Amino acid sequence: MPNELGLLLSVWVLMRFQVWTIAAILLLVITQVGGAQKPKGENYDLTQEMRFQDNQERQEALLHQLRSSNLDDRMAALHILVGNDRSLSLLKDEKIRAAVIDLLQRETRNARDYDTRERTDFQYYQSFLLDVVRKIATDYDSPNAWKILVDSNYGTGSPFGQWLAKQPAAYAHLMDRIDDKDDTRRSQTLIMLGKICASRPSTCSKILPALRERTTSADSWTRQGAIAALGACGTFEDIAFLRALPACSSDLSTRPLCRLMEDKITKRLTEHKDR
């Protein structure tokens, strides 16, 4: 019996030795094959490459989410994508810039929906979106971004509107939409052009004739927008021009605006003369 036990023990030890030998050989082969496929760069990091690939997939998913029909999904995707200083570096990617510009264009249309416009979180979201597109316009000199900024929703007297009126790149886009089909946008454009003329006198040679021409428009939005714009940049000659304007004497809704703009022009030019 002892001899049989010894024989069994010897067989077991031999089998264990063969298993470990085979395992060692397989490990050596795998290591050499892996080494042959590994890039030669000393700083190569497989984990870093996998993380980069994951980020690429995540970015694609977020770009897709920016086109979601659900407002909350779009808001979340934008803040994840470019919601901090570090992620703003992603704007170097032209595809991401184009997606954000396209988002502002779509949200500008969506904001005309009353229910959407009244949402407080939408107002914060749109303000943030404007800031991101403004960065694209200024940092990357994007004509498309400037056009979408001009077409977006803003008050002419808001900080954004005042900033936009001082930007040379916005001037051409505003002139292009001076006869926009939308009443509000047409009036807004005329007032913005008046602000541009006031801040950049070199543009007045084109802007003033365009404003004066539209003060005689049969459309009240165009007419009153042009008169209001003259208040910001008109000359002493425009005071006499407004007093002779038929709408300023016969149209009850326009007459008070004319008197107000006449006083505004007089005050502005008098103060400028006294300096």
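Please treat every number below as a calculation from the coordinates, not as lab data. What you are looking at is a predicted structure, and each value in this text was computed from that prediction instead of being measured. Glycine also receives a Cβ, built like all others from the backbone with ideal geometry; neighbour counts cover every protein chain displayed.
General observations
- Charge dipole of the stretch 60-152 (Cα centre as origin; +1 on each Lys and Arg Cβ, -1 on each Asp and Glu Cβ, all else neutral): 160 debye, rounded to the nearest 20.
- Using distinct alpha-carbon pairs, which all enter the 1/r mean, Kirkwood radius of the stretch 193-275 in Å: 12.6
- Cβ charges +1 (Lys, Arg) and -1 (Asp, Glu), total dipole of the stretch 110-214, debye: 420
- The protection proxy used here, the mean number of other Cβ atoms lying within 10 Å of each residue, ranks peptides 170-181, 56-67, 187-198 as follows, highest first: 187-198, 170-181, 56-67.
- Positive minus negative residues near residue 138 (Lys, Arg vs Asp, Glu; Cβ under 15 Å): +3
- The ranking of 88, 252 by Cβ neighbour count inside 10 Å, starting from the fewest, reads 252, 88.
- Over 21 Å between alpha carbons, listed pairs 181/264; 92/195; 166/206; 195/273: 181/264; 92/195
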